[in-house]
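Engineer: Below you will find the structure I want to go over with you.
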Amino acid sequence: MKYIFLILLPILLISCSQGVVDIPVVTDKTEKVILALGDSLTIWLWLPEWESYPSQLQSRLGFLGYIYRVENAGISGDTTAGLLSRLDWVLEWDSPSLIILCIGANDAFQGKSVADIETNIRAIIEKIQNKKIPILFAGMVAPYNLGAQYRRQYDSLFPRLAKEYGLPFFPFFLEWVALKWTLNQDDRIHPNKAGYTIIVTNLIQILERENLIKK
């Protein structure tokens, strides 16, 4: 809307100088907002923005006849604590009809306490639910080098919280993409365009199955 206003401003100034005060009102009541919350798996790290999963998701939804704007609220390097600290501000951006929540990978890479990760994710979920915003919750898995006990605790955290809070659940955000060199960038961690295309396909299947999007 702000961009439309800037375009119309010179016209409005000229009209006012001529005694014309009719101001056109531009509204779009059909567009709904999906907010993508996360870390570098959400933001377009080392990729053009249009290859990121939020951009691809918006394009694919439009192709399928869904009218949604997908806002990318990812920050590279973000942790559950980082997201929690900025969440109130982020939720003021728009009035999203849905949030896709994918966070926790950096906590695992840093070997953060699973108990602390759980506390932060609980707080994030509860803040969003208090706003009456539906959540599609994406799970992660821990790296193998952290040991079997840590992996069991970490990997089981996501499905347990999804069940407890009654959230539609995407068990592993990188399903069919992780560790496949043709679907990832050179670091073998972050998906490339083709990898994000698969992730978007998985997301849309869940969004439609759970009736989280409507035409």
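Engineer: Output the residue which, of all residues in segment 147-170 that are small (G, A, S) and closer than 15 Å to E210 by Cβ, is farthest from the chain's Cα centre (by Cα).
Structural biologist: Step by step, filter segment 147-170, then rank; the result is G166.
Engineer: Here is a list: L47, L57. Which entry is closer than 27 Å to I124 by Cα and of a type in the set (A, V, I, L, M, F, W, C)?
Structural biologist: L57
Engineer: State whether the residues of segment 59-81 include one that is more than 15 Å from the chain's Cα centre (by Cα) and within 20 Å of L161 (Cβ to Cβ).
Structural biologist: Yes, there is a match, as at least one residue in segment 59-81 is more than 15 Å from the chain's Cα centre (by Cα) and within 20 Å of L161 (Cβ to Cβ).
Engineer: State the number of residues belonging to segment 96-129 that are closer than 16 Å to A142 by Cβ, assigned to a loop (DSSP other than H, G, I, E, B) and under 17 Å from the mean Cα position of the chain (by Cα).
Structural biologist: Selection size over segment 96-129: 2.
Engineer: Please specify each residue of segment 82-95 satisfying the condition of being assigned to a helix (DSSP H, G or I) and touching a residue at least 60 places away in the same chain (Cβ under 8 Å).
Structural biologist: Of everything in segment 82-95, nothing turns out to be assigned to a helix (DSSP H, G or I) and touching a residue at least 60 places away in the same chain (Cβ under 8 Å).
Engineer: State all residues of segment 171-207 that are in contact (Cβ under 8 Å) with a residue 24 or more places away in the chain and among the aromatic types (F, W, Y); if no residue qualifies, say none.
Structural biologist: F172, F173, W176, Y196, listed by residue number.
Engineer: Quick check, is F137 of a type in the set (F, W, Y) and assigned to a loop (DSSP other than H, G, I, E, B)?
Structural biologist: No.
No value in this document is a laboratory result; all are computed from the given coordinates. In this text the structure is predicted, and so the values were computed from the model without any measurement. Glycine gets a Cβ as well: all are built from the backbone with ideal geometry, and neighbour counts include every protein chain shown.
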